[in-house]
Amino acid sequence: MNPFSSGTRLRDMIRAIRACKTAAEERAVVRKECAAIRAAINENDQDYRHRNLAKLMFIHMLGYPTHFGQMECLKLIASPGFPEKRIGYLGLMLLLDERQEVLMLVTNSVKQDLNHTNQYIVGLALCALGNICSAEMARDLAPEVERLLQFRDPNIRKKAALCSIRIIKKVPDLAENFINPVAALLKEKHHGVLITGIQLCTDLCKVSPEALEYFRKKCTDGLVRTLRDLVNSPYAPEYDIAGITDPFLHIRLLKLLRVLGQGDADASDAMNDILAQVATKTESNKNAGNAILYECVETIMSIEDNGGLRVLAINILGRFLSNRDNNIRYVALNMLMRAITVDAQAVQRHRSTILECVKDSDASIRKRALELVYLLVNESNVKPLTKELVDYLEVSDQDFKGDLTAKICSIIEKFSPEKIWYIDQMLKVLTEAGNFVKDEVWHALVVVISNASDLHGYTVRALFRALQTTAEQESLVRVAVWCIGEYGDLLVNNAGMLNVEDPITVTESDAVDVVESAIKRHASDLTTKSMALIALLKLSSRFPSCSGRIKDIVVQHKGSLVLELQQRSLEFNSIIEKHQNIRSALVERMPVLDEASFGGRRASSLPNTVSTSNGTAVKLPNGVAKPSAAPLVDLLDLSDDVPAPSSSGGDFLQDLLGVDLAPATQSGTSQAPKAGTDVLLDLLSIGSNPAQDNSVSTPDILSSAQDHKPAIASLDVLAAPSNMMDLLDGFTPAPPKPANNGPAYPSIVAFESSSLRLTFNFSKQPGNPQTTTISGTFTNLSSNVFTDFVFQAAVPKFLQLHLDPASGNSLPASGNGTITQSLKVTNSQHGKKPLVMRLRIAYKVDGKDVLEEGQINNFPRDL
Amino acid sequence: MHYTVCKELNSVILSVSSQINFVCLISRQGKVRLTKWYSTYSQKERSKAIRELSGVILSRGPKLCNFVDWKGHKVVYKRYASLYFCICIDEEDNELEALEVIHHFVEILDRYFGSVCELDLIFNFHKAYYILDELLIAGELQESSKRTIAKLISAQDNLVEVAKEEASSLSNIIAQATK
């Protein structure tokens, strides 16, 4: 043995690392150790291999890279002695995971160890396999594990049972091989074997309907008997926890009975008595007892209905809910959430207690309770519940406000009995927590306000009052500014007073003050400022006395560094200065926003109508549609002041519109001018017969456009109004244009490596916004043919994924062909969470396997 | 996360059923003392998970409940002296039982080390892992008897001792022979 190559002992290294005072010192120590270990690995040092691996594990735990030690694990596992194998397997489980290819190399050693004469070595191999085996290993080693289920020593049988769980989770097809051996395990007396056998049985039932049927028929009575014996067993010191014999076994038995009883009246009947006994006899003064009761309640709620048992269960939950232990209250809330589908009435009885839990000091409990309250709301209790929640919003923690606000808004929207209540509640929320209100929520509020014509005055006055007290909540400011712009006249002359209101006196300049302060506020973002500018434009026409002042404010922003604001103020200024005659028409009150189609837009299924600007305006939730006038005026100005050469005029149009116009290929040019006129007139949305009325410049542009019929025509085809607005409004992203049916989403490059590119195109069926059909196109960027091409995708739980077969499994080189495959993704959290997907692509190049993996985070939002 | 595979016409969907996803021990200073992963997480996800969780758990007051919601899972934790024992379980699992599993583990450690402290677990971290491996496999409980686990561990420790003695007597013989 060479004393110089050995380095320090494990203990000394840990001491040295602990003695480090700074992270830099620690890194230095670790670097030195790693260098020594690498040197030892290169020398193929045998004597200190296990010590080096132990050190590496410690270093790994500190978060340093240790991949260079992976092969050492394999060498240790392959060595004959128990101590080496023990540390080797430990290292394997810590340093590797199932995705590393190195793991495949260990399969043979594991197989040998599973057949080893030393049962502890068999145990080590089973443990490692159970913790990290991959699907391939599971397939290769399943027969060994299955055989070990009948091993003489119970400690190996139990390990084999848990190992089997991993195997059937990785390869469900293998489930049927395990059904028979497991049935034997269920009859055993050894608690370890029973616990693991029952667990395996439960997992088998989950992956295989045949297994479920088999165990239901053959094992239900036996399991009920086992549970009865356990419940009535005398004191057993080895398994006793708080006076209960083996609560772990209790819980697993109850879990399996739940699986067997669900949806089967006979099996449920067979277990009724014992469940009643557990529910009534279990001591509930210690955690272990409560854990059993909790499991028992869940089983009672899941199996086929038995009125008496359900009452017992609900009573237990009631007791839990009033418990002073936070843990018990937490699980009670959890359980009530599941019970609500079974017995909503019983849960409603605890409403006031649950509401108290929303105000608990413990964030975990608050969150649970809030989710439960959300499920409890219905038409009859929405008013008092919302009042409680809104009141609590004032005093709640900052980090809870986001969740709370979202839930309140959702409740208000879903259950509001009348418009005035909706508006009142939303205003309260905006005042208290406007910064937490999502865009689509206040957009919806604007739509509702616009539709409630008898409440316009009331709303604008209420908003005005609210702004006097709080101006920090962004979305409150936005809604207020929009309403003042639209209904400023009602604010000033107190029109449409309701009985419940106190009259207020607001002068025209007060109203302008409010909007001005919104635009001057430092905290205001671009959207708010843009909305304020539009509101000012509107007010300039509504309040002639303030017109001059408004013009000054607008002019101040002509120098704004933000392009959007600069452009707006230039445009608006020219409207105020030069186009008095059309101004009043331009800034008319918004037509009533169509609730139905707005709702439709929110559900991402746009109807295919963009024929009129009204149609567009309708789909925009806020004041966005108003600027529809602006771009036109801009155009008019241009053709008025600078008679552009006709050719560039057309280009300009195109540029300005930001429409990606393909070289115009419109036939039917004779109709083009007319179509162009329509578009323009629609944009202006001025009255019935505007062509004559505002002759200032429209003809101009028309005549210049005459030479460019195709451009205008395609402009019409492309439904330009909304594109224009897209360019000019800078508000919320304007709704994506419906290309054919359903909204179109831009296609994305989902994955690109040096050799492969995958692009996704998206489409949705109208009326089914949750589901997206993705068509994926694979292109080979390398100069080799790919064969055995397999694409796999994984999604988180809130998504459901369905893959259709691919168009082929070989991919020609250099992009000379593609494989297409379509995927269907259903997003259960549609609108809340965007899609994410992980993908794995396997193929062969010249007979060599290649695996590529990636994650897609750049899905368009709203999918 | 589960992978959906489609080869030709039969598509296989694997869904993860309930189990313990990982176990970790974190000191009050946020140092990791033990981590064991039963579901597949990449190294990056692992360190991120630990970082996030220690932030959440260490900042919670003493009287609050022992559960935190975390990314669609639940983390059950309990503090023993300077160490937080954390277990990440699935949404439908029994939180109270997870607390019992933690306590079970602590009692076994206590029995093995003789009133265990953080230092024991630092210097003998591999032993703690061996004990955990006798308690859990594949994220499922393996044994409810503390005595059985103690017996199995000491039997294996003995095997190691015997092998060590053999090795040292062997090297003595070699040393003698080559003198």
Only residues that are of a type outside the set (A, V, I, L, M) and crowded, with 21+ Cβ neighbours inside 10 Å: list them for segment A:227-254, please.
A:245, A:246, A:247, A:248, A:250, A:252
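Residues that are more than 14 Å from chain B (Cβ to nearest Cβ) and among the polar types (S, T, N, Q): which helices (runs of 4 or more DSSP H) entirely in segment A:324-419 hold 2 or more of them? Break it down into steps so the answer makes sense when it comes.
Working: elements: A:326-339, A:344-348, A:351-358, A:363-376, A:382-395, A:398-415.
Ranges flagged: A:344-348, A:351-358, A:398-415.
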Six or more apart or on different chains, Cβ under 7 Å: which pairs go from a residue in segment A:231-259 that's under 16 Å from residue B:147 (Cα atoms) to one that's among the basic types (Lys, Arg) and part of a helix (DSSP H, G or I)? Could you list them?
A:238/B:147
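Scan segment A:161-196 for residues that are within 11 Å of chain B (Cβ to nearest Cβ) and touching an Asp or Glu at 6+ places or on another chain (Cβ under 8 Å) and jot them down. Break it down into steps so the answer makes sense when it comes.
Going residue by residue through segment A:161-196, those that are within 11 Å of chain B (Cβ to nearest Cβ) are A:161-173, A:190-196.
Those that are within 11 Å of chain B (Cβ to nearest Cβ) and touching an Asp or Glu at 6+ places or on another chain (Cβ under 8 Å): A:162, A:164, A:165, A:168, A:169, A:191, A:192, A:194, A:195, A:196.
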Segment A:61-77 residues that are modelled with pLDDT under 90, paired with ones that are of a type in the set (Phe, Trp, Tyr) (beta carbon under 8 Å, 6 or more apart):
none
Of all residues making up segment A:88-142, the number that are in a loop (DSSP other than H, G, I, E, B) and either under 40 Å from the mean Cα position of the chain (by Cα) or within 9 Å of another protein chain (Cβ to nearest Cβ) (or both):
10
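In the list A:776, A:815, which residue meets the criterion of being modelled with pLDDT under 80 and touching a Ser or Thr at 6+ places or on another chain (Cβ under 9 Å)?
The conditions single out A:815.
Which residues, counting only those in segment B:26-63, are of a type in the set (A, V, I, L, M) and under 30 Å from residue A:101 (Cβ atoms)? Step through it out loud before you land on a result.
We begin by selecting, within segment B:26-63, every residue of a type in the set (A, V, I, L, M); these are B:26, B:32, B:34, B:49-50, B:53, B:56-58.
B:32, B:34, B:49, B:50, B:53, listed by residue number.
Is it the case that residue A:533 is at pLDDT 80 or above, out of contact with any Cys (no Cβ under 9 Å at 6 or more places or on another chain) and assigned to a loop (DSSP other than H, G, I, E, B)?
Values: at pLDDT 80 or above: yes; out of contact with any Cys (no Cβ under 9 Å at 6 or more places or on another chain): yes; assigned to a loop (DSSP other than H, G, I, E, B): no.
In short, no.
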Residues of segment A:281-322 that turn out to be away from chain B (no Cβ under 14 Å), of a type in the set (A, V, I, L, M, F, W, C) and either part of a helix (DSSP H, G or I) or surrounded by fewer than 23 Cβ atoms within 10 Å (Cβ to Cβ) (or both), as a count:
6
Quick one: count up the residues across segment A:760-815 that are over 24 Å from residue A:851 (Cα atoms), more than 14 Å from chain B (Cβ to nearest Cβ) and among the hydrophobic types (A, V, I, L, M, F, W, C).
1
Tell me whether segment A:816-839 contains one or more residues that are touching a residue at least 24 places away in the same chain (Cβ under 8 Å), β-branched (Val, Ile, Thr) and outside any strand (DSSP E or B).
yes
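Give me a count of the residues in segment A:14-72 that are part of a loop (DSSP other than H, G, I, E, B), within 13 Å of chain B (Cβ to nearest Cβ) and over 17 Å from residue A:84 (Cα atoms).
Residues of segment A:14-72 that are part of a loop (DSSP other than H, G, I, E, B), as a first pass: A:20-22, A:43-48, A:62-66.
Then drop every residue that is not within 13 Å of chain B (Cβ to nearest Cβ), which leaves A:20, A:46-48, A:62-66.
Now restrict to residues that are over 17 Å from residue A:84 (Cα atoms): A:20, A:62-66.
Residues meeting the conditions: 6.
The values are calculated or read from the model by the stated rules, or taken from the named source; none is laboratory data. Computed from a prediction, not measured in an experiment: that's the story for all the values here. Every residue, glycine among them, receives a Cβ derived from its backbone with ideal geometry; neighbour counts consider all protein chains shown.
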